[in-house]
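Written out below as structure tokens is the structure these notes cover.
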């Protein structure tokens, strides 16, 4: 690449930085991160691109990309409208698997109805962090993770259960769980030691493995984005989510996929995904589920198990928030919310002596309000208690 | 507080609405007829008043293409009220700057559910009245949700408010009769964030719009 093209890339960044450098953050961790970006940009400004060789130019190009992406995360962190309740609950789930001290979680509301995701593009690129440390003596102790939510569904706590699945992708990527499962399953099949039931189960969930050519190709060509990897990752994330919200993500899954019976290159069939979760929840003996559980435990040291506390309440029907006593009940709230949505709405009318018909949009609004307030009250009480005791 | 109530025979009589004291309020909370959640400190319940805290959700008016806030139906909803408000959120302990002459919709940190025979009269705590913020509102018996408050800074300088601070208070009164808040359709139900005025849903405005159209041969 020519140095002139690198200059173009850096000019674009400088133009962006001319506004972003005045960003003001109340969160000290974001301030620190911002200061580090300033140090790197200032150091690059002093470099003479024309004397750099091709490798050095490419290296700078990636560093500038990193700076752009960091700014994108920080600029789009919509703190004044952030649904911090859902972020709090997800952070609680994340703590089961990894220290949250390593991350700065930012949130972005995006104009895409299916735009639920964890953008971890700044998390796992270790090369860029070592390059930056080597070149500019700047070390990032905390990395940015962005949770994306559809703007129009940011307050939809029934739909937001999908984020538990997305959190699963984050954990999968961090520990490379899919990669190990991929190799283990193919080795098990190749060993010829599986009994008939085990073989049948594998073919039910990965039907294309019956094709010898496909089998050999997958065995020789691991790729995190091939069909088999994608399907393992999806099953893992469904399993991951069901530890917290049981089969609630299935409700939303059936809704967004219209209960897709065929698999695609990116996703298994919805029928299989739903069945996979049901096997885990009902503790139906399953070679695959056990395989997923064992490998996950070996890699992470964390058991795949029920990690929620059920909410036994009639508060929503009485139009009042739930008094959450234990952090695990936060996850149970979504199950309770889905139950009220799926149950006849006359229960609410009767319990609250409502003299008019409740429209669907009114129930939708009430439920989301009550879930949000139940979480919000738990956060407020926890913070208050902590402040009082310190 | 005195209210003029109409007796069944049509005669009017001065009847005293009893203000509820601390013991009454605690009793209602104890038997779950009154809900205040979260109640961070028990001493929010005073001898005759309950302190309420500033919540973390706000609606502020913004300048846009709408020339005014339109509380009529005569412009065919060309200037929807909702588009003149923008939502903003804070965290507990953050601050919110209330500018002079600005009216901001906020809500209480606490979610309440009043008994069917108790209403609440709201006022600012005197410390905040002294800074130049005023509110005046009544919450109807049986209401449930966070309390919506319209904060206006009548001072000439901005006021920096802390989220979670006890800024207003409620006096609870016995309504002398039990009513069902949900007997008829409610515009505001279980709100946890402030909601822009739904005045354009008022049936009266629909009738008045018809009259205006008739009078003007429209």
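Only the coordinates and a few stated rules stand behind these numbers; no lab work does. Since the model is a prediction, treat every value here as computed from it, not as a measurement. Cβ: placed from backbone, ideal geometry, glycine included. Neighbour counts: every protein chain shown.
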Percent antiparallel among DSSP beta bridges (both partners in region A:1-151, rounded to 5): 25 percent
Most fluctuating residue given options A:97, A:217, A:338, as computed from a GNM of chain A linking Cα atoms under 10 Å: A:217
Sites residue A:259 and residue A:188, calculated FRET efficiency, Cβ-Cβ separation with R0 25 Å, nearest 0.05: 0.25
Chain lengthening between residue A:99 and residue A:131 when straightened (0.36 nm per residue, less Cα-Cα): 9.1 nm
Relative contact order computed over region A:175-300 (Cα-Cα under 8 Å; 6+ residues apart), in percent: 30 percent
Label-to-label distance, nm, for residues given as residue B:213 and residue A:290 (7 Å Cα→Cβ offset): 7.2 nm
Set of region B:52-77 residues, backbone N closer than 18 Å to the point 7 Å along the Cα-Cβ line of residue B:22: B:52
Residues listed by number, region A:154-174, amide nitrogen under 19 Å from residue A:360 label point at 7 Å toward C-beta: A:154-161
Under 16 Å from the residue B:32 label point (7 Å along Cα→beta-carbon), backbone N, region A:276-316: A:311-316
Span from the region A:203-248 Cα centroid across to the region A:72-106 one, whole angstrom: 28 Å
Per-selection Kirkwood Rh - chain B (Cα, Å, 1 d.p.): 19.4 Å
Label point distance in nm, residue A:203-residue B:82, each placed 7 Å from Cα along Cα→Cβ: 5.4 nm
In nm, spacing of pseudo-spin labels at residue A:353 and residue A:124 (7 Å Cα→C-beta vector): 5.6 nm
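So what is the 222 nm mean residue ellipticity for the protein assembly as shown from helices alone, if each DSSP H run of at least 4 adds -39500 (n - 2.57) and you divide by all residues, rounding to the nearest 500 deg cm²/dmol?
Theoretical 222 nm ellipticity from helices: -14000 deg cm²/dmol.
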Within a Gaussian network of chain A (alpha carbon springs, distance under 10 Å), most fluctuating of A:210, A:98, A:374: A:210
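Using mean Cβ contacts within 10 Å as the protection proxy, how do B:24-32, B:139-147, B:117-125 order, highest first? Can you show the working numbers first?
Numbers: B:24-32: 14.1, B:139-147: 21.3, B:117-125: 18.9.
So the peptides B:24-32, B:139-147, B:117-125, ranked by packing, come out B:139-147, B:117-125, B:24-32.
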Cα gyration tensor shape for region A:3-157, rounded if a/c is under 1.5, else prolate or oblate: prolate
Extension gain, residue A:386 back to residue A:56 (0.36 nm per residue minus Cα-Cα distance, nm): 113.9 nm
Inter-chain Cβ neighbour average for residues B:107-113, partner chain, 10 Å: 3
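Calculate the mean, over all residues of peptide B:38-44, of how many other protein chain Cβ atoms lie within 10 angstrom of the residue's Cβ.
Working: counts 10, 2, 7, 2, 0, 0, 0.
Mean inter-chain Cβ contacts per residue within 10 Å come to 3.
Averaged across B:178-184, how many Cβ atoms of other chains sit within 10 Å of each residue's Cβ atom?
Partner-chain Cβ atoms within 10 Å, mean over residues of B:178-184: 3.
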Listed residues A:193, A:30, A:373, most fluctuating in chain A (Gaussian network, C-alpha, under 10 Å): A:193
